[in-house]
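The values are calculated or read from the model by the stated rules, or taken from the named source; none is laboratory data. Quick caveat: nothing in here was measured; it's all calculated off a predicted structure. Every residue, glycine among them, receives a Cβ derived from its backbone with ideal geometry; neighbour counts consider all protein chains shown.
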Amino acid sequence: MLTRTKSDSTWCGAPGWRSARKALAAAGLAAAAFLLLLTAAATSAGAAPGNAAATAALLIADAPSVTATSAETSPDVARARELIARVIERYDDARSYRIGFTQDSYWALADSTMSVSGVLLLERPGNISIRYADGGRIVVAQDSLWVYSPATSQFFVAAVDSADVALDPARLLRQFEPDRTAPFAAEPRGSITTLILKPSTAFSEPVRVEVSIDTNARSVTRIVAFASTGDRTTYTMHASSYDVTVPAGEFVLRRPEGTELITGSPYGSR
C-alpha cells in the first residue's frame, strides 16, 4: 500500500525488499537509479524501464546471492571467478568511493531510450548518495531510503535494509555467476575485459549481465543488463575515485517544500 499526502508524515514501516521495490514502481517516481540492474523487475512490477520513473524501483535487489557449486568448473569460468574476486576485493578495501556515470535505458515496447547522468557516492557500511544532473536524488542511509523527483515533484521515503540495496559494484558481482559456457564476451581490448554473467536460478531478472572490467585498476567500467522482455540498461562509468572525503550531510535528504510525499507500507515479507 502507498500513502500519498501533501502534509508531513511519519516513517513508513519497514517493508520487505520485494515490497519496497513494488512500492517504488507503483509510485511512478521520475528518478533513475545507478547499478540497479534489475530492469525487467520494474517492468514486472508495472513500470516501464524507458521511463526514469521506473528505475528507482530497482533499488531493492531481487537477485539471489551466489555461492560456488561443486560442479566441474572450466578453466575460463575459474579465470572469470578469479577476476571477479580481485575486483570485489578492490571495492571492499575502500572505505568510500565516488563514481561518475551515464545510464541509458532502452524500453523495447516503445523502442525508445532514455539517458541520464549522475554521480554516486558510497561510504561504508551502508550510506549511498546519488545526485542526478536534473536535480534528482536517491539517498540510502543505513535503514532509510529517500528518493526525490523534481520532474514529478514527488518525494518517496521507506525503511530498508541497506544490505538489500544493489548499488555497490562488489555486491552486484556477488549476485551473479560467470556464464558456464562462455564467460568472456570477447577477447580483451587492452586492459578491458568483458564478462558475461547469469543469475544462479531460473526465472531471475535480468537474464544476462555484461560487465566490463579494467584489469589494471580492478574496477568496473561498464555494465549492460538484459531483460527477458528485450529491455536493456547500460551503465558507463566515467571516473572512479576511492577513499574520498565525504561532505557533511551528504546522506541526509530532506523533503523539499511543496512536494508530494509518498510512503510505502509493508505488504509482503522476504
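Could you identify the single residue in ALA94, ALA108, ALA68 that is over 17 Å from the mean Cα position of the chain (by Cα), of a type in the set (A, V, I, L, M, F, W, C) and at pLDDT below 50?
ALA68
Restricting attention to the stretch 212-248, report how many residues are over 23 Å from GLU123 (Cβ atoms) and acidic (Asp, Glu).
Matching residues across the stretch 212-248 total 1.
Report those strands (runs of 3 or more DSSP E) wholly inside the stretch 83-191 carrying at least 2 residues which are of a type in the set (Ser, Thr, Tyr).
Working: elements: 96-107, 112-123, 127-132, 137-141, 144-149, 154-159.
It comes to 96-107, 112-123, 127-132, 144-149.
How many residues, within the stretch 212-223, are closer than 18 Å to TYR106 by Cβ and either touching a Phe, Trp or Tyr at 6+ places or on another chain (Cβ under 8 Å) or in a loop (DSSP other than H, G, I, E, B) (or both)?
Count: 2.
Please identify the pairs in which a residue from the stretch 125-144 that is under 18 Å from VAL246 (Cβ atoms) has its Cβ atom under 7 Å from the Cβ atom of a residue that is among the acidic types (Asp, Glu), counting only partners at least 6 apart or on another chain.
Listed by first residue and then by second, the contacts come to SER129/GLU250.
Among the residues of the stretch 177-198, is there at least one that is in contact with a strand residue (DSSP E or B) (Cβ under 8 Å, 6 or more places away or on another chain), closer than 27 Å to SER112 by Cβ and modelled with pLDDT under 90?
No, that holds for no residue.
Hey, could you check the stretch 97-135 for residues that are acidic (Asp, Glu) and within 22 Å of ALA227 (Cβ to Cβ) and say which is surrounded by the fewest Cβ atoms within 10 Å (Cβ to Cβ)? Steps first, please.
If we filter the stretch 97-135 for residues that are acidic (Asp, Glu), which is where we start, we get 104, 111, 123, 134.
Now drop any that are not within 22 Å of ALA227 (Cβ to Cβ), which leaves 104, 111.
Values: ASP104: 16, ASP111: 9.
If we take residues in the stretch 97-135 being acidic (Asp, Glu) and within 22 Å of ALA227 (Cβ to Cβ), then ASP111 is surrounded by the fewest Cβ atoms within 10 Å (Cβ to Cβ).
From the set of residues in the stretch 203-214 that are within 16 Å of the chain's Cα centre (by Cα) and of a type in the set (A, V, I, L, M, F, W, C), which is farthest from TYR91 (Cα to Cα)?
So, considering only residues that are within 16 Å of the chain's Cα centre (by Cα) and of a type in the set (A, V, I, L, M, F, W, C), the one farthest from TYR91 (Cα to Cα) is VAL207.
Looking at THR233, THR193, THR181, THR201, which is the one that is β-branched (Val, Ile, Thr) and either within 20 Å of SER105 (Cα to Cα) or in contact with a Lys or Arg (Cβ under 9 Å, 6 or more places away or on another chain) (or both)? First the steps, then the outcome.
Values: THR193 fails: either within 20 Å of SER105 (Cα to Cα) or in contact with a Lys or Arg (Cβ under 9 Å, 6 or more places away or on another chain) (or both); THR181 fails: either within 20 Å of SER105 (Cα to Cα) or in contact with a Lys or Arg (Cβ under 9 Å, 6 or more places away or on another chain) (or both); THR201 fails: either within 20 Å of SER105 (Cα to Cα) or in contact with a Lys or Arg (Cβ under 9 Å, 6 or more places away or on another chain) (or both).
Of the residues listed, the single one that is β-branched (Val, Ile, Thr) and either within 20 Å of SER105 (Cα to Cα) or in contact with a Lys or Arg (Cβ under 9 Å, 6 or more places away or on another chain) (or both) is THR233.
Considering only the stretch 228-255, state which residues are assigned to a strand (DSSP E or B) and crowded, with 20+ Cβ neighbours inside 10 Å.
ARG232, THR233, TYR235, MET237, SER240
Of the residues that make up the stretch 169-180, is at least one within 18 Å of the chain's Cα centre (by Cα) and surrounded by fewer than 19 Cβ atoms within 10 Å (Cβ to Cβ)?
Looking for residues that are within 18 Å of the chain's Cα centre (by Cα) and surrounded by fewer than 19 Cβ atoms within 10 Å (Cβ to Cβ), one finds at least one in the stretch 169-180, hence yes.
Which residue pairs have Cβ atoms under 8 Å apart, sit 6 or more places apart or on different chains, and have a first residue in the stretch 73-84 that is within 19 Å of ARG218 (Cβ to Cβ) and a second that is at pLDDT below 95 and in a helix (DSSP H, G or I)?
Short answer, once both residue conditions are applied: ILE84/LEU173.
So which residues in the stretch 192-208 are in a loop (DSSP other than H, G, I, E, B) and of a type outside the set (Ser, Thr, Tyr), if there are any at all?
Of everything in the stretch 192-208, those that are in a loop (DSSP other than H, G, I, E, B) and of a type outside the set (Ser, Thr, Tyr) turn out to be PRO199, ALA202, PHE203, GLU205, PRO206, VAL207.
Tell me yes or no: at least one residue of the stretch 192-202 is surrounded by fewer than 18 Cβ atoms within 10 Å (Cβ to Cβ) and more than 21 Å from the chain's Cα centre (by Cα).
Yes, some residue in the stretch 192-202 is surrounded by fewer than 18 Cβ atoms within 10 Å (Cβ to Cβ) and more than 21 Å from the chain's Cα centre (by Cα).
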